[in-house]
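Peer 1: I have a structure here, written as structure tokens, and I will follow up with some questions on it.
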Amino acid sequence: MPYCEVGVHQPAPSAAASSAVVPVDSPVNNDLKIFYQTYGRGPTKVLLIIGLAATHEAWGPQIYAFTGTTIPNDDVSSGDDNECGEGIEVCAFDNRGVGRSSVPLQKSEYSTTIMAKDAIALLDHLGWKKAHVFGHSMGSMIACKVAALVPDRILSLALLNGTGGGFQCFPKFDRRTFSVAFRFLRAKTPEQRAAVDLDTHYSQEYLEEYVGTEKRRAILYQQYVKCISSSGMQSSSGFDGQMHACWTHKVTQADIDAMKSGGFLVSVIHGRHDIIARIDHAKKLAERLHPIARMVDLHGGHLVSHERPEEVYYACKRCDKCLVT
């Protein structure tokens with residue numbers, strides 16, 4: 001199994017220090033591991049950072065859009081790496097606290113800065129000097145911190161269905177979102193979790209579409225149950241820790257300045273019908289990142305990357321440095 005040792009990143013020594021960009025080389029104890037998979041081969045590198053309570057498999061549509069396959073490189077013969085030609089290599093991983101990665105027990109071991117350092121350690125482990133970085137939801141928060149910590153290693157940044165953290169993590173409360181939140185917290189089996197995840201992740205219009213003779217909801221339900229059953233339900237320690245990372249996340253002015261210094265462009269991409277991350281917060285983040293960022297709103301829900309994979313892919317066509325030229 002492919003793992004990257006990341007260790008325990010020590011927290012900032014004071015509250016004042018936490019408002020600044022934390023050095024990447026803070027001390028670690030090498031006893032935590034991050035599970036990852038790579039897909040496709042080529043000189044263009046893409047790092048995918050998934051969101052709260054999800055595993056790397058949730059990037060399936062994007063992985064296929066980039067590489068034409070969802071079979072991990074570990075499961076296929078090496079062949080020609082194509083490093084000098086064309087092609088894209090993608091890495092997706094399980095954040096600490098979920099899936100096959102280590103699950104620290106203390107909330108203090110979870111923050112978006114700590115998890116960004118996990119991602120940077122993975123880049124080092126892979127030998128990737130530079131990469132295009134995509135983050136979804138909590139993953140977009142982590143991606144912002146990666147870009148702030150190592151702006152010289154970012155080729156482009158895509159922030160999907162994200163917010164600025166803290167109070168911005170609160171959805172717009174109505175009957176539907178309250179029901180979804182209640183069901184999510186009570187879900188104890190893969191079947192219960194799959195049912196609520198569908199209503200959390202997708203627009204109702206998308207779920208009610210027919211694919212052949214079946215509604216998409218029925219097809220996705222079976223896929224979700226299978227995926228959750230294979231990776232296991234997230235532990236309470238992992239969920240609480242990741243939630244802590246979201247609540248304590250903040251994009252500081254120092255972060256913004258660091259990102260603007262990197263010379264890369266940012267795509268802030270959001271589903272118009274997202275009931276989890278409010279689109280107005282995403283628009284405010286794009287405004288703060290002006291002029292290096294542009295806002296792209298698409299017809300879809302929280303997983304707009306699943307509903308509109310090709311549109312998300314082409315929304316990142318920004319310049320000669322980007323994935324699509």
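The values are calculated or read from the model by the stated rules, or taken from the named source; none is laboratory data. All figures in this text were calculated on a predicted structure; none of them were measured in a lab. Cβ coordinates were reconstructed from backbone atoms using ideal geometry, including for glycine residues, and neighbour counts include every protein chain displayed. Each accessible area value is taken on the protein alone, full model and side chains, heavy atoms only, with ligands, DNA and RNA left out. Shrake-Rupley method; radii C 1.70, N 1.55, O 1.52, S 1.80 Å.
Rundown of residues vs (1) under 13 Å from the mean Cα position of the chain (by Cα); (2) of a type in the set (D, E, K, R); (3) part of a helix (DSSP H, G or I), yes/no style:
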| site | (1), (2), (3) |
| --- | --- |
| Cys91 | yes, no, no |
| Ser102 | no, no, no |
| Ala119 | yes, no, yes |
| Leu123 | no, no, yes |
| Ala158 | yes, no, no |
| Pro171 | no, no, no |
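Peer 1: Please indicate, with yes or no, whether at least one residue in segment 190-211 is assigned to a strand (DSSP E or B), open to solvent by 40 Å² or more (accessible area, probe 1.4 Å) and more than 20 Å from Ile50 (Cα to Cα).
Peer 2: Yes: one or more hits.
Peer 1: List the number of the failed condition for Ile275; all other conditions in (1) at pLDDT 95 or above; (2) closer than 25 Å to Gln204 by Cβ; (3) of a type outside the set (Ser, Thr, Tyr) hold.
Peer 2: The failed condition is (1).
Peer 1: Related question: Within segment 125-156, which residues are assigned to a loop (DSSP other than H, G, I, E, B) and either basic (Lys, Arg) or more than 13 Å from His270 (Cα to Cα) (or both)?
Peer 2: Within segment 125-156, Gly127, Trp128, Lys129, Lys130, Val150 meet the criteria.
Peer 1: Another question, if that's okay. Go through (1) more than 19 Å from the chain's Cα centre (by Cα); (2) touching a residue at least 40 places away in the same chain (Cβ under 8 Å); (3) open to solvent by 50 Å² or more (accessible area, probe 1.4 Å) for Asp280 and report which single condition fails.
Peer 2: Checking Asp280 against (1) more than 19 Å from the chain's Cα centre (by Cα); (2) touching a residue at least 40 places away in the same chain (Cβ under 8 Å); (3) open to solvent by 50 Å² or more (accessible area, probe 1.4 Å), the one that fails is (2).
Peer 1: Working only within segment 102-116, note down all residues that are closer than 23 Å to Gln62 by Cα and either open to solvent by 10 Å² or more (accessible area, probe 1.4 Å) or among the basic types (Lys, Arg) (or both).
Peer 2: Matches in segment 102-116: none.
Peer 1: So, one more: Residue by residue through segment 237-270, note down the ones that are over 20 Å from the mean Cα position of the chain (by Cα) and either on the phi < 0 side of the Ramachandran plot or of a type in the set (Val, Ile, Thr) (or both).
Peer 2: Gln253, Ala254, Asp257, Ala258, Lys260, Ser261, Gly262
Peer 1: Any residue in segment 51-77 that is in a loop (DSSP other than H, G, I, E, B) sitting within a Cβ distance under 7 Å of a residue that is of a type in the set (Gly, Ala, Ser)? List the pairs, counting only those 6 or more apart or interchain.
Peer 2: Going by the 7 Å Cβ cut-off, the qualifying pairs are Gly51/Ser137; Gly51/Gly139; Leu52/Ser137; Thr55/Gly99; Thr55/Ser231; Thr69/Gly40; Thr70/Gly60.
Peer 1: Can you find a residue in segment 298-308 that is in a strand (DSSP E or B), more than 13 Å from Leu157 (Cα to Cα) and of a type in the set (A, V, I, L, M)?
Peer 2: yes
Peer 1: If Gly241 passes every condition in (1) out of contact with any Asp or Glu (no Cβ under 8 Å at 6 or more places or on another chain); (2) touching a residue at least 60 places away in the same chain (Cβ under 8 Å) but one, which one does it miss?
Peer 2: (1)
Peer 1: Let me ask something additional. Has segment 254-264 got any residue that is open to solvent by less than 20 Å² (accessible area, probe 1.4 Å) and in a loop (DSSP other than H, G, I, E, B)?
Peer 2: Within segment 254-264 (the criterion being open to solvent by less than 20 Å² (accessible area, probe 1.4 Å) and in a loop (DSSP other than H, G, I, E, B)), the answer is yes, since at least one residue qualifies.
Peer 1: Here is a further query. Which of the residues spanning segment 93-152 are among the acidic types (Asp, Glu) and without any contact (Cβ under 8 Å) to a residue 40 or more places away in the chain?
Peer 2: Scanning segment 93-152 gives a single hit, Asp124.
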